[in-house]
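Working notes for the structure below.
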Amino acid sequence: MDQNFDLQAYMTRGVERVVTDAIKATVKNPRESAFMLRFAAASRAASRRRADAEKNGEHVPPFLIASITSKCNLHCAGCYSRCNHATVDSEPVEQLTSEEWLRIFSEADDLGVSFILLAGGEPMLRRDIIEAAGERQNILFPIFTNGTFVDERYLKLFDRCRNLIPIMSIEGNREVTDARRGKGIYDRLVANMDAFQKKGLIFGASVTVTTENLKEVSSDSFIETLSNRGCKAVIFVEFVPVTEEGKELAPGDSEREYLVGEIDRLRKQYPEMVFISFPGDEKSSGGCLAAGRGFFHINSHGGAEPCPFSPYSDVNIRDRSLKEAMNSALFAALRSGDLLADDHRGGCVLYEKRDQVQALLS
């Protein structure tokens with residue numbers, strides 16, 4: 001890994017770009033814009049805390065991914081979480097409580113974490129945790145949801161707590177979305193979008209990018225469909241193969257370069273929207289940002305993992321502070337070695353080199 005790469009500066013620029021784009025996206029919505037301006041001030045203060053920690057030899061990532069439940073009501077084709085047995089149908093036992101998650105959110109706020117992505121399973125099954133997140137106004141909480149549990153009570157919560165941003169999963173048009181997620185899901189998502197737009201609530205879309213749909217989901221026709229319904233953010237999530245059959249669907253270098261170019265174009269053409277790619281161009285970030293370089297993952301049972309696609313852990317947040325979890329032996333070994341910067345065929349380097357990650361655990 002390039003020892004001259006300034007990760008702190010890179011991550012700070014990334015956060016500032018997201019916040020600046022978010023302010024532009026909400027300029028015509030007075031309540032949302034007022035919140036985003038307050039959040040921008042909180043984000044600058046958080047950035048200063050991270051910079052101070054860096055001077056003391058302590059790296060704090062600005063992002064955290066929190067899978068607040070293992071339960072989901074859908075069976076989406078190719079779901080990495082189900083393939084890893086991290087998502088189930090029944091009510092899981094011994095998941096973190098809302099009080100435990102609130103402690104994590106509070107510690108994250110103190111450390112300077114600006115964004116916590118709420119995931120699952122289906123995160124909107126845990127209304128108690130989402131309500132707790134709404135109280136931490138210094139942190140923006142994108143909620144990665146399948147959209148099937150949006151109701152009037154949630155709409156009121158999103159109206160009251162503007163730091164909660166639903167990000168609904170959509171794969172393209174009705175045919176493609178329903179083929180992967182189930183019949184009727186596309187129409188439900190469109191109905192949700194109309195409800196959000198009517199109430200002046202900001203929302204986004206999460207799109208799984210494969211070698212097959214890359215050009216379609218970055219096309220003007222698709223983006224305009226979302227924009228016309230009030231969507232303010234599009235997060236392109238690269239498909240990660242978790243079975244041998246799906247490898248050909250994982251974006252490689254050429255597809256990633258194409259997506260980087262398209263995102264640059266879309267940002268200019270649709271200034272009222274935020275565009276983000278995850279995990280994004282690893283070459284420009286000095287390698288994979290997992291394991292606490294730019295983010296890490298906490299699963300529903302408290303295990304601190306490099307990322308959702310690399311479900312290995314040597315510490316549990318129930319036994320350690322968030323700061324201690326960030327500096328676990330596994331994370332430290334991954335950050336200090338060359339594995340995160342290794343070449344790989346596409347998708348996730350930690351999944352592709354999972355044998356080496358497991359070796360670090362032992």
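For L361 and D194, the difference between the fully extended length at 0.36 nm per residue and the C-alpha to C-alpha distance is 55.4 nm.
Modelled label positions at E212 and D151, each set 7 Å beyond Cα in the direction of Cβ, lie 3.5 nm from each other.
Across the protein chains, with a 1.4 Å probe defining accessible surface, the residues K268, K24 rank K268, K24 from largest area downward.
Near D109, within a Cβ-to-Cβ distance under 13 Å, what is the net charge of the other residues, with Lys and Arg +1 and Asp and Glu -1? That works out to +2. Each Cα pair under 8 Å and six or more residues apart adds its sequence gap; the mean of these over the residue count of the chain is a relative contact order of 18 percent. Taking a ≥ b ≥ c as the square roots of the eigenvalues of the Cα gyration tensor of the chain, is the shape rounded (a/c under 1.5), prolate (a/b larger than b/c) or oblate? In terms of gyration-tensor shape, rounded.
Across segment 85-205, Cα-Cα pairs more than 16 Å apart make up 63 percent of the total. Report in % the part of the accessible area of the chain that belongs to carbon and sulfur, leaving out ligands and nucleic acids; probe 1.4 Å. Ligands and nucleic acids excluded, carbon and sulfur reach 51 percent.
M36 contributes an accessible area of around 0 Å² to the protein surface, as traced by a 1.4 Å probe with all chains present. An ellipsoid equivalent to segment 82-147, defined through the eigenvalues of its Cα gyration tensor, has semi-axes of 22, 13, 11 Å when rounded to whole angstrom and sorted largest first.
Taking 8 Å as the Cα distance limit and 6 or more residues as the minimum spacing, I'd like the relative contact order of segment 216-295 as a percentage. Taking the mean separation of contacting Cα pairs over the length of segment 216-295, I get 34 percent. Considering only beta bridges that DSSP places wholly inside the chain, some 10 percent are antiparallel.
Note on surface exposure: D21, D355, D151, D338 rank D355, D338, D151, D21 by accessible area, highest first, 1.4 Å probe.
Summarising the overall dimensions of segment 1-90 from its C-alpha atoms, the Rg and Dmax are 18.4, 48 angstrom.
Among beta bridges identified by DSSP and lying wholly in segment 203-362, the antiparallel ones come to about 25 percent. Spin-label model, S106 to K268: label points 7 Å out along the Cα-to-beta-carbon direction sit 4.8 nm apart.
The values are calculated or read from the model by the stated rules, or taken from the named source; none is laboratory data. The model shown is predicted, which means the values in this text are computed figures rather than measured ones. Quick reminder, even Gly has a Cβ in these numbers, built from the backbone with ideal geometry, and neighbours come from all protein chains shown. We work out accessible area using only protein heavy atoms, side chains counted, and drop any ligands, DNA or RNA first. Shrake-Rupley method; radii C 1.70, N 1.55, O 1.52, S 1.80 Å.
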